[in-house]
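The values are calculated or read from the model by the stated rules, or taken from the named source; none is laboratory data. What you are looking at is a predicted structure, and each value in this text was computed from that prediction instead of being measured. As a convention, Cβ positions derive from the backbone with ideal geometry for all residues, glycine included, and neighbour counts pool all protein chains shown.
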Amino acid sequence: MHSDLIGKIEKARRYAQEPERITINELKATFHGGNSDHTISLNDNHWTCDCSFFRMWHTCAHVMAFQKIFDPMLAPEAREATSPITSTEEMAGSMS
C-alpha cells in the first residue's frame, strides 16, 4: 500500500476518535420509527420532524435521539431541546 494512503488511513482513525472536530450545520435523514418512517432535518440549528408530536411540542423522540447521537458534533443551540418546556423539572412542575 502506498505510504501516503497509509498515513491518511491513520489520520482518519485519529479523527474518528475525535467527533468534536466535526460540526453538523445541515442534516436531512429518515428515521425509522416504531410506527412509520419520519423525515428529520436540521437547518440553522433548528430541528424539524414530520411526526405529529413535533408539530405540537417542537421536539420529539426522533429529534431527541438525533441530539443524543450527534451531541459532540452539534452547535450548542442544536443540542438544546426546542420544546416550549425545556427541562424535566419544568414539565413535572406543570403537571402537579
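Quick notes
- Near pairs, Cβ below 6 angstrom, 6+ apart or cross-chain, from segment 58-75 (aliphatic (A, V, I, L, M)) to any residue that is assigned to a helix (DSSP H, G or I): M73/P19
- Some residue of segment 13-22 being exposed (fewer than 10 other Cβ atoms within 10 Å of the Cβ) and in contact with a strand residue (DSSP E or B) (Cβ under 9 Å, 6 or more places away or on another chain): no
- For segment 61-81, taking the residues that are over 14 Å from I40 (Cα atoms) and not charged (D, E, K, R), the one that is modelled with the lowest pLDDT is identified as A81.
- Residues that are in a strand (DSSP E or B) and hydrophobic (A, V, I, L, M, F, W, C) do not occur anywhere in segment 52-60.
- Within segment 1-51, considering residues that are among the small types (G, A, S) and part of a loop (DSSP other than H, G, I, E, B), the one nearest to P76 (Cα to Cα): G33
- Any hit, segment 26-43, residues being exposed (fewer than 10 other Cβ atoms within 10 Å of the Cβ), at pLDDT 95 or above and among the small types (G, A, S): yes
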